[in-house]
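Encoded as structure tokens, the structure appears first; notes follow it.
Where a number appears in this text, it was derived from the coordinates with a stated rule and is not lab data. Note that the coordinates shown come from a computational prediction; the quantities given were computed from them, not determined experimentally. Glycine gets a Cβ as well: all are built from the backbone with ideal geometry, and neighbour counts include every protein chain shown.
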Amino acid sequence: MIAKSLMTYARRKWRLYSFFILSSLIAASCSHPRVVVVDQEPVAVDAPHLMRGPVIVIDAGHGGKDLGTNSKTLHYEEKALTLETAFMLEHYLQKMGYRTVLTRSEDVFIPLSKRAGIANDLRSRLFVSMHYNSAPSKDASGIEVFYYLSDTNKKRTIESKNLGDHVLREVTGATGAKSRGVKHGDFAVIRETKMPAILVESGFLTNPEERQRILQRPYMQKLARGVAKGVDDYLKRAK
């Protein structure tokens, strides 16, 4: 079932994405297999024959008409940053041997129910949704992870919180960012998914200093690597 579903995703029209100055927030695309460059190492990430481990669905928050946190004067859009982060996270997870599926691999609007539906249809092992934060105060900073507190599926609640603990510990250790804790939140993508699921708020774009770090590619790589390491630690301990 999973293999068949992955092949269905693999037959989609692929795109070629190249990383360049993040502050431009533009991804170039064409109808070729997508290649991600991380740490100067190009890796074709849409090759199903390379995938062997458990399936992890990576959700790049927002997209298309849904810009997320954004600023026309400062030239950033959350939807572009989450997509770049998702590509990096996918790269690191695949290097660790996991199979990955992105809820979106380009700048398109995907309804929240469909994002959860992708993970449920694939019977994925985990679901990780990547976001960036905002606040009225420019002083707000740090990374926080959300899980859904279910009254009917306490096992999934416990596993999701455990996943969040592992991810937050690794990502704050990798980036040096402030930890804002692992919290329960009623977000559709983590509420409607059937497997352990978390939503990562990866820093505040409304904080000038934190935004400057987020827009630097090496920092985003550390962030994505930290999330991947947290996922890997969780799955190894869960066996």
Net charge over other residues, Cβ less than 15 angstrom from the Cβ of ASN70 (K, R count +1; D, E count -1):
-1
Please give the contour-minus-distance gain from PHE109 to ALA140: 0.36 nm per residue of separation, less the Cα-Cα distance, rounded to one decimal in nm.
8.4 nm
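Taking the highest mean first, how do the peptides 133-143, 215-225, 201-211 order by number of other beta carbon atoms within 10 angstrom per residue?
201-211, 215-225, 133-143
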Listed highest first by mean packing, meaning other Cβ atoms within 10 Å per residue, what order do 228-234, 157-163 come in?
228-234, 157-163
